[in-house]
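To keep things clear, I will list the structure first and then write my remarks on it.
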Amino acid sequence: MACIAVLAAIHALRAYWLSDAADEQLVKVLGFVPARYLGAALPGGGVAKVTSFASHALLHVDITHLAINS
(Lines give C-alpha, C1' and ligand atoms only; values in the text may rest on other atoms or scores of the structure.)
Protein backbone atom coordinates (compact mmCIF):
# COMPACT_ATOMS: atom_id res chain seq x y z
CA MET A 1 0.00 0.00 0.00
CA ALA A 2 2.89 2.35 0.71
CA CYS A 3 4.25 1.83 -2.82
CA ILE A 4 0.86 2.65 -4.32
CA ALA A 5 0.67 5.77 -2.16
CA VAL A 6 4.08 6.91 -3.42
CA LEU A 7 3.12 6.26 -7.04
CA ALA A 8 -0.16 8.15 -6.57
CA ALA A 9 1.65 11.08 -4.94
CA ILE A 10 4.13 11.29 -7.81
CA HIS A 11 1.31 11.16 -10.33
CA ALA A 12 -0.64 13.87 -8.47
CA LEU A 13 2.46 16.06 -8.37
CA ARG A 14 2.93 15.67 -12.11
CA ALA A 15 -0.73 16.11 -12.99
CA TYR A 16 -1.71 18.99 -10.71
CA TRP A 17 1.34 20.95 -9.63
CA LEU A 18 3.98 20.82 -12.35
CA SER A 19 3.81 22.95 -15.46
CA ASP A 20 3.93 21.14 -18.80
CA ALA A 21 7.56 22.18 -19.26
CA ALA A 22 8.55 20.97 -15.78
CA ASP A 23 6.71 17.68 -16.30
CA GLU A 24 8.48 17.16 -19.62
CA GLN A 25 11.82 17.83 -17.91
CA LEU A 26 10.98 15.32 -15.16
CA VAL A 27 10.11 12.65 -17.74
CA LYS A 28 13.38 13.30 -19.57
CA VAL A 29 15.35 12.88 -16.34
CA LEU A 30 13.50 9.91 -14.79
CA GLY A 31 12.12 8.16 -17.87
CA PHE A 32 13.78 5.36 -19.76
CA VAL A 33 14.74 7.03 -23.04
CA PRO A 34 16.68 4.68 -25.33
CA ALA A 35 18.20 7.65 -27.18
CA ARG A 36 20.13 8.41 -23.98
CA TYR A 37 22.27 5.33 -24.65
CA LEU A 38 22.89 6.36 -28.25
CA GLY A 39 24.56 9.60 -27.25
CA ALA A 40 21.60 11.98 -27.21
CA ALA A 41 22.08 14.98 -24.92
CA LEU A 42 19.32 14.54 -22.34
CA PRO A 43 18.99 15.95 -18.82
CA GLY A 44 20.22 13.77 -16.00
CA GLY A 45 23.60 12.94 -17.48
CA GLY A 46 25.46 9.81 -16.45
CA VAL A 47 23.36 9.35 -13.33
CA ALA A 48 20.20 9.00 -15.42
CA LYS A 49 21.86 6.30 -17.53
CA VAL A 50 22.08 4.18 -14.39
CA THR A 51 18.90 5.19 -12.55
CA SER A 52 16.39 5.35 -15.41
CA PHE A 53 16.12 1.55 -15.45
CA ALA A 54 14.32 1.85 -12.09
CA SER A 55 13.04 5.43 -11.98
CA HIS A 56 10.90 5.04 -15.11
CA ALA A 57 8.59 2.79 -13.08
CA LEU A 58 7.56 5.82 -11.01
CA LEU A 59 6.03 7.57 -14.02
CA HIS A 60 2.51 6.93 -15.33
CA VAL A 61 0.72 8.55 -18.27
CA ASP A 62 -2.70 8.83 -16.64
CA ILE A 63 -4.83 7.57 -13.76
CA THR A 64 -5.85 4.44 -15.71
CA HIS A 65 -2.21 3.50 -16.28
CA LEU A 66 -1.51 4.06 -12.58
CA ALA A 67 -4.54 1.98 -11.51
CA ILE A 68 -3.67 -0.95 -13.79
CA ASN A 69 -0.06 -1.00 -12.62
CA SER A 70 -1.11 -0.71 -9.00
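The values are calculated or read from the model by the stated rules, or taken from the named source; none is laboratory data. What you are looking at is a predicted structure, and each value in this text was computed from that prediction instead of being measured. Here the Cβ positions follow ideal geometry from the backbone for every residue, glycine too, while neighbour counts run over all protein chains shown. Note: areas computed on protein heavy atoms with side chains; ligands, DNA, RNA excluded. Shrake-Rupley method; radii C 1.70, N 1.55, O 1.52, S 1.80 Å.
A few notes on this one:
- Placing dummy labels 7 Å off each Cα toward the beta-carbon, the span from T51 to M1 is 2.9 nm.
- Judged by the mean number of other Cβ atoms found within 10 Å, the most tightly packed of the peptides 34-41, 9-16 leads the ranking 9-16, 34-41.
- Potential extension, A67-A12 segment - 0.36 nm per residue separation minus Cα distance: 18.5 nm
- Among the protein heavy atoms of the chain, carbon and sulfur supply 71% of the accessible surface, probe 1.4 Å, non-protein parts ignored.
- Rolling a 1.4 Å probe across all protein chains gives I4 an accessible area of roughly 70 Å².
- Couplings for segment 57-70, taken from phi via the Karplus curve 6.51 cos²θ - 1.76 cosθ + 1.60 with θ = phi - 60°, read 5, 7, 9, 9, 5, 8, 5, 5, 4, 4, 5, 5, 6, 6 Hz in order; Gly and Pro are left as x.
- For the chain, the per residue solvent-accessible surface stands at 68 Å², with DNA, RNA and ligands left out and a 1.4 Å probe.
- Each listed q (0.14, 0.26 Å⁻¹) maps to a log10 I(q)/I(0) for the chain, found by the Debye formula over equal Cα scatterers with no solvent: -0.45, -1.17.
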